[in-house]
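**Student:** There's a structure below that I have some questions on.
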Amino acid sequence: MKSKLNLDPKIIDSARSSAARIAQDMQKFIDRHTTVSTERTVLRLLGIDGVDDFDFPLPNVVVDAIKDGGGLPRGAAYWIGNAMIQTGLSPQEIAERVAAGELDIMKLPTVSAKEAEEKIMPEVKKSLELIKAQTEKRNNYLETIGEGKQPYLYVIVATGNVYEDIIQAQAAARQGADVIAVIRTTAQSLLDYVPYGATTEGFGGTYATQENFRLMRRALDEVGEEVGRYIRLCNYSSGMCMPEIAAMGAVERLDMMLNDALYGILFRDINMQRTLVDQYFSRVIIGYADIIFNSGEDNYLTTADAYEEAHTVVASQFINEQFAVLANIKEERMGLGHAFEMDPNLENGFLYELAQAIMAREIFPKAPLKYMPPTKYMTGNIFKGHIQDALFNVVSIWSEQSIQLLGMMTEAIHTPHMQDRIYALENASYIFNNMRDLGEEVEFKKDGIIQKRAQTVLKDAEELLKEIEKDGLFHTLENGKFGGVKRPRDGGKGLEGVCVKDEQYFNPFIPLMLGGEK
Amino acid sequence: MKSKLNLDPKIIDSARSSAARIAQDMQKFIDRHTTVSTERTVLRLLGIDGVDDFDFPLPNVVVDAIKDGGGLPRGAAYWIGNAMIQTGLSPQEIAERVAAGELDIMKLPTVSAKEAEEKIMPEVKKSLELIKAQTEKRNNYLETIGEGKQPYLYVIVATGNVYEDIIQAQAAARQGADVIAVIRTTAQSLLDYVPYGATTEGFGGTYATQENFRLMRRALDEVGEEVGRYIRLCNYSSGMCMPEIAAMGAVERLDMMLNDALYGILFRDINMQRTLVDQYFSRVIIGYADIIFNSGEDNYLTTADAYEEAHTVVASQFINEQFAVLANIKEERMGLGHAFEMDPNLENGFLYELAQAIMAREIFPKAPLKYMPPTKYMTGNIFKGHIQDALFNVVSIWSEQSIQLLGMMTEAIHTPHMQDRIYALENASYIFNNMRDLGEEVEFKKDGIIQKRAQTVLKDAEELLKEIEKDGLFHTLENGKFGGVKRPRDGGKGLEGVCVKDEQYFNPFIPLMLGGEK
Amino acid sequence: MGKTATAKVDLTKVKPYGDTLNDGMVQLSFTLPVPYGDEASEAAVILAKKMGLDEPSVVYSKDLGIGYTNFIVYGKCQHTVDYTSIKVPKIEVDVMDRLECEKFIEENIKRDVVIVGACTGTDAHTVGIDAIINMKGFDGHFGLERYKGIEAINMGSQVSNETLVAKAIEVNADAILVSQIVTQKDIHIKNLTELVELLEAEGIRDKVILVCGGPRISHELAQELGYDAGFGPRSYAENVASYVLTELVKRKLV
Amino acid sequence: MGKTATAKVDLTKVKPYGDTLNDGMVQLSFTLPVPYGDEASEAAVILAKKMGLDEPSVVYSKDLGIGYTNFIVYGKCQHTVDYTSIKVPKIEVDVMDRLECEKFIEENIKRDVVIVGACTGTDAHTVGIDAIINMKGFDGHFGLERYKGIEAINMGSQVSNETLVAKAIEVNADAILVSQIVTQKDIHIKNLTELVELLEAEGIRDKVILVCGGPRISHELAQELGYDAGFGPRSYAENVASYVLTELVKRKLV
Ligand code: B12
Ligand code: B12
Ligand SMILES: Cc1ncc(COP(=O)(O)O)c(C=O)c1O
Ligand SMILES: Cc1ncc(COP(=O)(O)O)c(C=O)c1O
């Protein structure tokens, strides 16, 4: 198909190649390292769950023991495999004994890495089958009850109480929502463990726990069957426990996960080494579980100017794409992020937003792009806000976006109340239907404002990528190229959880997940 | 300029020619008749004003006396001229004596028509100069303080109390309004006289009186000077007193007047003969006073389906254009009406609305088109309503409309409260600025939904006009072709006020106004 | 979870719901005739508190340019409503579709039923009454003109109460349908009341089923004004026909 | 008519304004956890009446699909507010621009003023504090870093109160600026109160000018919580600088 924006395919190719080299370069670093959360994820996938007497999750208890015993460079899988051989216990039993102080797995006799790996393989396979079964269940739902039209209507729930969240989610689904994202409580991303059980207390969001995932999944399946539309569930594979939550999501059949190391670095001040390593395993899991990941480029535009810095979003999308390629994620699952965040007072701002949205569509034709609503320039004026969201919806249907994060008229006030969500759904449903085929109908003036805007942004992104390729991604982040936020390579939270692998290190899941039939 | 919709200029020409013949045909009827309100208008223009002891306006008192005396076929101008000669009094003095029962102008000796006409000519000239002075004042304002960008932001005030109206109007002007329309009280159009003085009691609108015009004009000049933008004033030259109110508007420097006989016939059940004759003189005055007239085609879509009956709007616009040509109104003052009234649930409804709005723009390139907001499908859901109005605003800026009647989110509830108007202004201002040059940027797919829609509607309009040309306008109205409303030729209100002119009839204003330098 | 989420709700003490049961969350907007500024916002807060809102928060305020200020306010309403004690008067009738109505006439009335309708006073909004009476009806529901056994006369708009009553007497109407759309300054109340008085003066109030309708009409209001029934938004011909026919039989007016 | 239309307004009895003085017109929206229907609308009407609205009218109601109903209501508020008696505590300072501030320091303080700022607790919203402190500032107003004579330290986001206090002691800060954006479940109140307690425990509360800010912060609230001043939306560096500098001199902390 011919570009409506007259974009030069050579520039797109060049940008993509730069991004590929940036990602490959970083992958070398990633491959040499592991992290506490990566290892906890291995344990979770091996079936270790539950908490100790202090409500501390068993995967943490075990990994801390390994770390304290200096065993992290070899990987948790080794130590569990070894312990299974030495004790004859299951991974969960081992973890429970460790927590009870009855077993010190670092003090057991040791076998070779190969022996340990062979021992745990049946557990690994069981785990992968569990995930595959969930993928099949999802596909089965999609084939039988079907799904909503794109752009999917994506709304958040964020009451802090999983039971209230369920009420709100079911109401939203009945009013047309296709995706329910459960926002996490304000501080969870900084916790170096995943809380346990159903929770009812959170600030501006609800804890991501496996039990909460399960409760919400069940509620959405129920309402989905009722309304005859599969309702997707979204949560955050991000923060200090990025891959662990990916694993929980895979097992509990989440359909979408926010997953972007750059977000954690820039907006949560998480150490860049830590989270880039974590991101890799999390994306491998996400890819294997056929989950759509959402990247967080939209956030750049909340701290940097949306008009001036539009090209940083595109550059980051290219990088996120290539990280996803390395994790074997299909194009059809790459929910690259972008946003409608220009100052509403900008003359012709709509034209620029439109240009950029169509540009993203053309550059990533198969990606389920995640399009974020106006947030920064929303005010307490809910009436104005509702029409800012309306223009956002207009751009989305026109440019054929895939996942529409619905703007709420109360964005500047509170996390959504029930009625805010309903009016947001109404806003998008009305506009999507009333403008359904606009994109097909319209062409743009050659070298007009719209074409020029897209061409300029693309060109700037290509140049930025070339610079990053030269400087390396770490260096780029240190220089504040994204979101105007500078982060030191050794600063931020969680660096202490990173270590260099030794030669015998293995993570049994990664090769299988990458090679596994998809 | 090439048609973006690929409209066939031959069809446009054919439709326009049919409409011209329809109007000329009707003009023959009009030229043979006069009405009580036409004659009262002559008196008003001759300076007769005020009320009798029963609050009955002097122009009515005098015309009733003439009518009762059987003198209407000769025209009021004759009788006043004659009375001036016979009594040496001024027109106003004559009227006062008549009202006091001191003078019976039908019982005076009579002079020839020529003598009477000569006698009143100085009064006529004085009157025309007054109007010209107002036009100059307007032009002077436009040159010095300037005006808002098109589409003009047009809002209504309708409190029923002229003093509250003024507060609301000034608030609106300060928030960006370019045009203030004072809606009339519910029943005024059925009154066969124009109330007198400042008024504070009305239902869903405020009485149109000369004093109210004057008060509002002064308030708008004041606020216009302050905000540095000439604020236009609009009222209704319609109903039983169509030409009288036109005359009042001309004298008090109104800038825009709703003026459409078809509206009165269809929606107020006013007799068609009466109001078509009245319309002629009112348009002559409007043309002379350089006022923009607004026609009422939008109303058809409140009783007929906006998708099915779109062509009736276009046909009526062509007819209204030709009536205006006959009254010597410039193209630049022909505020032909149309509306955004399709069911918001219609898939691709926006595309059809857009097609039609651009079509109107292309067919009437110089006309200050008056674009009406959604009303029929507005509900008590003010949030949804606000975005229906937003899409309407999108179409308007895209299709380069001229006069934007702002939709109010409370359309289905009440006449606007202060805050409704403010949010409506904000809605339009935001969208017009944010999408300023969209129209220039965009082209349409050849033979796509949009082009096809416009072509079909135009073709249907052309055919309807051919039919009307064959049947005559009276017959068409009897058959319910517009708005789905049927009206009998001899039914409705006001037929008793119509009479055939005799040979000596004269209206001194019409020839001067038509010939007068503009 | 079932279809409703009301399990935990105490229906005797219902409060608004934002995102947590009984949080009381309410959105308000209004204009105060005081100049924009901190004092204006404080006035808005005080007003909201008087309305019974806890923690009112002015999330937006705007200078209207004439010494007035508009506010958007959120707050937590502390009032509760006993939902269990609410009784809303309703039109008690089994709604029959057109064919059932026709059969009902054939079986129970055995003659043509005459219905006169109009939009009265200076009200020119005929779409509502047309929706009920005219052949083509509304929203896919045919109007009364299409009903065999019903003779429906639509007098249209701006009909004076006098003209309507005269017509009803002339055709010996079984029922009168009045539409009132314009409600500014309660003009509809005045109009509707006047009609009842006129019918009483003519001595025929008991001989007709008297029905009114419009977007601001409820059955409750209609009854208060002396009507037999009132129909609000989303009414169709079959609702009205079912009611009128059943009543005619019930009151032995057949 | 002058700039204001308040001539006729009785400021001791202010009421909402729709289109006529003292009509009391107010718009409301809220959800009730009761199933859609006439009874739900009646519940909304009752609630509105309890809030002091006359003639409440449910202009829209919507079934939320889970046995809850959303309403849009208009009504005439009968409460009044005495506007003349309202006193809002305000930061009493003559705002100086950047150059004036710099001159003020030179003339009255004669040394560098040290200011520490942070977004505390788990709050990661730095845009607000950055707007005040960072070089580039906000909306065309430079931040404190740009002020000659001010040494401004922006600690960024998610700073614990302990870390902030330690830093303030370390650099001997003249003023502490705290930003709180997240207010869900009043978490900001908790955070802000804790900081005051900590400063008191460390015995340095009196030695610093303590300032907080954020979209839901008012000067009044700040004072209630034990702060010297609070800055809400549309604050700029010069407002803060003017206040801090003037206070330093006033309190003889220079
Ligand atoms: C269409 C319309 C017009 C058309 C009317 C054409 C016509 N022939 O009907 C025109 C353009 C002529 C018009 C003019 C005016 N209008 Co108007 N109009 C509307 C509009 C947009 C839609 C009304 C409508 O058709 N609704 C659709 C019908 C199907 O719904 P309905 O009437 O509610 O009827 C249903 C039920 O209520 C019920 N029902 C109704 N009547 C009856 C009777 C019986 C017996 C029964 C059983 C049931 C029943 O059944 C129907 C079907 O379910 C409304 C705004 C809105 N969106 O509501 C304003 C509105 C009604 N108009 C309004 C006004 C003020 C006017 C004017 C007076 C303005 C002026 N000052 O010039 C003029 C003059 C007309 C007059 N004197 O009455 C106001 C009324 C404000 C108020 N609350 O009092 C409104 C609300 C707009 C506004 N916000 O200002 N209008
Ligand atoms: C940008 C933004 C983000 C960015 C922040 C990036 C960054 N580095 O700051 C990102 C994307 C990271 C983000 C994340 C989240 N956000 Co956020 N975010 C916003 C947003 C869109 C804009 C805030 C903003 O930048 N305003 C512009 C600045 C200039 O205004 P300001 O902060 O008010 O500052 C001015 C004044 O208040 C004052 N001021 C402020 N601080 C100080 C301090 C002093 C000393 C002084 C003198 C003055 C002062 O001066 C400033 C200039 O005039 C708002 C929504 C909105 N439109 O308001 C939501 C919003 C604040 N976020 C919210 C939430 C809940 C979150 C999350 C917690 C969601 C989650 N659960 O994951 C996360 C996590 C972050 C966290 N823990 O804090 C909620 C808060 C709800 C509430 N009332 O509690 C909001 C309101 C959105 C919503 N409706 O849900 N967010
Ligand atoms: C990519 C991404 N990850 C995570 C988050 C959520 O924030 P946190 O991880 O701080 O809970 C966001 C917030 O918008 C995001 O965009
Ligand atoms: C052309 C025209 N004339 C007049 C009116 C006003 O109605 P009335 O003349 O009944 O007051 C309208 C209403 O919208 C109109 O469109």
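**Student:** In a helix (DSSP H, G or I), within 30 Å of residue B:445 (Cβ to Cβ) and at pLDDT 95 or above: does that describe residue B:30?
**Tutor:** no
**Student:** Just wondering, is there one or more residues in segment C:22-43 that are more than 10 Å from every other protein chain (Cβ to nearest Cβ) and surrounded by fewer than 17 Cβ atoms within 10 Å (Cβ to Cβ)?
**Tutor:** no
**Student:** Another question about this same structure. Restricting to segment B:208-227, give me the number of residues that are surrounded by fewer than 24 Cβ atoms within 10 Å (Cβ to Cβ) and part of a loop (DSSP other than H, G, I, E, B).
**Tutor:** Total meeting the criteria: 1.
**Student:** For segment C:116-169, give me the residue count where each residue is farther than 18 Å from residue C:102 by Cα and either in a helix (DSSP H, G or I) or away from ligand 1 (no atom under 13 Å from the Cβ) (or both).
**Tutor:** Count: 15.
**Student:** Can you tell me which of A:218, A:268 is within 14 Å of another protein chain (Cβ to nearest Cβ), without any contact (Cβ under 8 Å) to a residue 40 or more places away in the chain and under 24 Å from residue A:59 (Cβ atoms)?
**Tutor:** Answer to the selection: A:218.
**Student:** Let me ask something additional. Identify, from the list A:361, A:421, the residue that is more than 8 Å from every other protein chain (Cβ to nearest Cβ), modelled with pLDDT of 95 or more and out of contact with any strand residue (DSSP E or B) (no Cβ under 9 Å at 6 or more places or on another chain).
**Tutor:** After ruling out the rest, the residue left standing is A:361.
**Student:** Return a yes/no flag: does segment D:224-239 have any residue that is surrounded by fewer than 20 Cβ atoms within 10 Å (Cβ to Cβ) and within 16 Å of ligand 3 (Cβ to nearest atom).
**Tutor:** There is no residue in segment D:224-239 that is surrounded by fewer than 20 Cβ atoms within 10 Å (Cβ to Cβ) and within 16 Å of ligand 3 (Cβ to nearest atom).
**Student:** To continue, here is another question. Could we say that residue A:443 is touching a Phe, Trp or Tyr at 6+ places or on another chain (Cβ under 8 Å) and charged (D, E, K, R) here?
**Tutor:** Taking the combined requirement at face value, the residue satisfies it.
**Student:** Any residue at all in segment A:368-375 that's of a type outside the set (Gly, Ala, Ser), surrounded by fewer than 24 Cβ atoms within 10 Å (Cβ to Cβ), in contact (Cβ under 8 Å) with a residue 24 or more places away in the chain and within 7 Å of another protein chain (Cβ to nearest Cβ)?
**Tutor:** Looking for residues that are of a type outside the set (Gly, Ala, Ser), surrounded by fewer than 24 Cβ atoms within 10 Å (Cβ to Cβ), in contact (Cβ under 8 Å) with a residue 24 or more places away in the chain and within 7 Å of another protein chain (Cβ to nearest Cβ), one finds none in segment A:368-375, hence no.
**Student:** Looking at segment C:103-112, can you tell me whether even one residue there is surrounded by fewer than 20 Cβ atoms within 10 Å (Cβ to Cβ), assigned by TED's automatic domain parsing to the domain that holds residue C:210 and closer than 28 Å to residue B:483 by Cα?
**Tutor:** No.
**Student:** Another question, then. Where the second residue is among the acidic types (Asp, Glu) and the first is more than 9 Å from chain A (Cβ to nearest Cβ) and lies in segment D:116-140, which pairs have Cβ atoms under 8 Å and are six or more apart or on separate chains?
**Tutor:** Within 8 Å, the pairs are D:131/D:139; D:133/D:145; D:134/D:145; D:135/D:145; D:138/D:130.
**Student:** Does residue C:204 satisfy the condition of being aliphatic (A, V, I, L, M), within 12 Å of ligand 1 (Cβ to nearest atom) and surrounded by fewer than 20 Cβ atoms within 10 Å (Cβ to Cβ)?
**Tutor:** For residue C:204, the condition - aliphatic (A, V, I, L, M), within 12 Å of ligand 1 (Cβ to nearest atom) and surrounded by fewer than 20 Cβ atoms within 10 Å (Cβ to Cβ) - is not met.
**Student:** Would you tally the residues in segment B:105-136 being under 30 Å from residue D:19 (Cβ atoms) and either outside any helix (DSSP H, G or I) or not polar (S, T, N, Q) (or both)?
**Tutor:** Here the count works out to 0.
**Student:** When only residues in segment D:48-99 that are more than 10 Å from chain C (Cβ to nearest Cβ) and in a helix (DSSP H, G or I) count, which is nearest to the chain's Cα centre (by Cα)?
**Tutor:** D:98
**Student:** Does segment B:186-203 hold any residues that are more than 16 Å from the chain's Cα centre (by Cα) and closer than 17 Å to residue B:158 by Cβ, and which are they?
**Tutor:** B:186, B:187, B:195, B:198, B:199, B:200, B:201, B:202, B:203
**Student:** Here is a follow-up. Those residues that are in contact with an Asp or Glu (Cβ under 8 Å, 6 or more places away or on another chain) and not hydrophobic (A, V, I, L, M, F, W, C), I need them from segment D:88-140; list them, please.
**Tutor:** If the condition is that a residue be in contact with an Asp or Glu (Cβ under 8 Å, 6 or more places away or on another chain) and not hydrophobic (A, V, I, L, M, F, W, C), then D:89, D:90, D:97, D:98, D:112, D:134 are the ones that fit.
**Student:** Is there any pair with a first residue in segment B:7-29 that is without any contact (Cβ under 8 Å) to a residue 40 or more places away in the chain and a second that is exposed (fewer than 15 other Cβ atoms within 10 Å of the Cβ) and part of a helix (DSSP H, G or I) whose Cβ atoms are under 6 Å apart and which are 6 or more apart or on different chains, and what are they?
**Tutor:** Nothing qualifies.
**Student:** Under the condition of being under 30 Å from residue A:80 (Cβ atoms) and of a type in the set (S, T, N, Q), which residue from segment A:460-518 is modelled with the lowest pLDDT?
**Tutor:** By that ranking, first place goes to A:504.
**Student:** Looking only at segment B:110-166, how many residues end up being among the polar types (S, T, N, Q) and surrounded by 14 or more Cβ atoms within 10 Å (Cβ to Cβ)?
**Tutor:** Qualifying residue count for the region: 7.
**Student:** Also, I was wondering about something else. Quick check on segment B:157-193: of everything there that is within 10 Å of chain C (Cβ to nearest Cβ) and of a type in the set (Ser, Thr, Tyr), which residue is nearest to ligand 3 (Cβ to nearest atom)?
**Tutor:** B:159
**Student:** So for segment D:213-221 (the condition being of a type outside the set (Ser, Thr, Tyr), within 14 Å of chain A (Cβ to nearest Cβ), outside any loop (DSSP other than H, G, I, E, B) and crowded, with 22+ Cβ neighbours inside 10 Å), does at least one residue qualify?
**Tutor:** no
**Student:** Does residue B:268 satisfy the criteria of being more than 16 Å from ligand 2 (Cβ to nearest atom) and either under 13 Å from the mean Cα position of the chain (by Cα) or at pLDDT 95 or above (or both)?
**Tutor:** Judged against the criteria, residue B:268 is not a match.
**Student:** Anything in segment B:221-238 that is farther than 16 Å from residue B:285 by Cα and within 14 Å of another protein chain (Cβ to nearest Cβ)? List them, or say none.
**Tutor:** B:221, B:222, B:223, B:224, B:225, B:226, B:227, B:228, B:229, B:231 - these are the residues of segment B:221-238 that are farther than 16 Å from residue B:285 by Cα and within 14 Å of another protein chain (Cβ to nearest Cβ).
**Student:** Out of C:164, C:144, which single residue is touching a residue at least 60 places away in the same chain (Cβ under 8 Å), more than 16 Å from ligand 3 (Cβ to nearest atom) and out of contact with any Phe, Trp or Tyr (no Cβ under 6 Å at 6 or more places or on another chain)?
**Tutor:** From the options C:164, C:144, the qualifying one is C:144.
**Student:** For residue B:295, indicate whether it is crowded, with 24+ Cβ neighbours inside 10 Å and touching a strand residue (DSSP E or B) at 6+ places or on another chain (Cβ under 8 Å).
**Tutor:** Criteria met by residue B:295.
**Student:** Across segment B:73-93, what is the number of residues that are surrounded by 24 or more Cβ atoms within 10 Å (Cβ to Cβ) and out of contact with any Pro (no Cβ under 6 Å at 6 or more places or on another chain)?
**Tutor:** 8
The values are calculated or read from the model by the stated rules, or taken from the named source; none is laboratory data. Treat the numbers as computed from the prediction; the structure is a model and nothing was measured. Here Cβ is always computed from backbone atoms with ideal geometry, including for glycine, and neighbour counts include all displayed protein chains.
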